[in-house]
1. How are the C-alpha pair distances of region 1-145 spread across 10 Å bins, as whole percents from the shortest bin up?
2. At 0.36 nm per residue, minus the direct Cα-Cα distance, what do ILE208 and ASP29 gain on full extension? Give it in nm, one decimal, please.
3. Under the Kirkwood approximation for Rh and a Cα-based Rg, what ratio Rg/Rh is obtained for region 59-100?
4. Counting each pair of different Cα atoms once, what's the Kirkwood radius of the chain in Å, rounded to one decimal?
5. Around LEU194, what is the net charge, scoring Lys/Arg as +1 and Asp/Glu as -1 over all other residues with Cβ under 14 Å from its Cβ?
6. Given charges of +1 on the Cβ of Lys and Arg and -1 on the Cβ of Asp and Glu, with all other atoms neutral, how large is the dipole of the chain about its Cα centre, in debye to the nearest 20?
7. Students often check this: by mean Cβ neighbours within 10 Å, which of 203-212, 271-280 ranks highest, and how do the rest follow?
8. Using Cα springs under 10 Å in a Gaussian network model of the chain, which residue among ALA294, ALA38, ALA89 shows the largest mean-square fluctuation?
Amino acid sequence: MAAGKIVILGVGGRGCATLQRLGVMSLPDMVMTMAVSADKRALSSTPADCSILLGESQTGGRSTGGNATLATQAVQQSADLLRQAFAGADAVFMVTGLGGGTGSGAATAIAALLAELQIPCLVFATLPFDFEGKRKSLLAENSIKLLQQHGCALVLLPNDQLQQALGAKARLEDALDESNRLLLQLLLSLCRMLADTGLINMDFNDFISVISQPGIAVVGCALAQKGDDLPMLLQQQLQNPLLRSKKIESASSVLVHLTAGPDFTLEQFEATGLHLAQALPKASLILQGLSIKADYADQLELLLLVCGIVVD
């Protein structure tokens, strides 16, 4: 795939926490990391290629204290710095925690700026636990609407569904670690796919076309053993309980990339496309890519990106 420039943008506490994990990992040359926060101390401990402190004159370098309006104003004050930082970017992968002041207020304001700059944005957003209260939940839901209005594709990771998957007695620390692990897995899989030179490549502009479909998105990645049922694996990713994917059949675009061994067949490749066409009847854009690697003789890796899901 011909590579463009991807910015992984961490916004607020959740975004910076993800970048701290990414900082010890190897990323493709096409990827740049950027941390954005109103909290000077959190920003200083976050490894990133570019760091921007939002609205220092308004916040004094401290957090916004859950005030989304203040975070929005801080972005507006720092708009020129952000425009310079995004210069040359072909797409942005934003990581944020909706329901927080900076996570919601700054994320939506930056999304508006990216729309103005005509830079596609794929948002990975965690949603608050129920026990965090109605205020955070309402702020998160309102932020989802605003992000969609600004043309973003949103991958939503509800903390409550994560807790249910881990079990009622799971420690909070374990739940947050699992959320971080899932975020990292999705981000790294996308970046590596974009940097990979495969047998059947997808043009970078095709990828941009997929993520330019506003609405809810689902990203899934899985590793299977040779002989596993590929359509079943696809269906499992489409129904991933850790990703909010209601009404996935309304999706307008889908991308699937497979990494397989040398004996992977044309029949298997065709079956993948046919299954997606049946599962997502409204998808006008279905893209498939394939990389063949000798060390995948006994396994298969699947990456699925579905965008443009309509949720009332």
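1. Once binned at 10 Å, the Cα pair distances of region 1-145 give 13, 45, 34, 8, 0.
2. The ILE208-ASP29 span can extend by a further 62.6 nm.
3. Ratio of gyration radius to Kirkwood radius: 1.02.
4. Every distinct Cα pair counted, the radius reaches 19.7 Å.
5. Result for the neighbourhood of LEU194: -3.
6. 1060 debye
7. Result, highest mean Cβ count within 10 Å first: 203-212, 271-280.
8. Most flexible of the set in this elastic network: ALA294.
Every number in this text was worked out from the coordinates using simple rules, so none of it is lab data. Just so you know, these numbers come straight off a predicted model, no measurement behind them. Backbone-built Cβ (ideal geometry, glycine too); neighbour counts: all protein chains shown.
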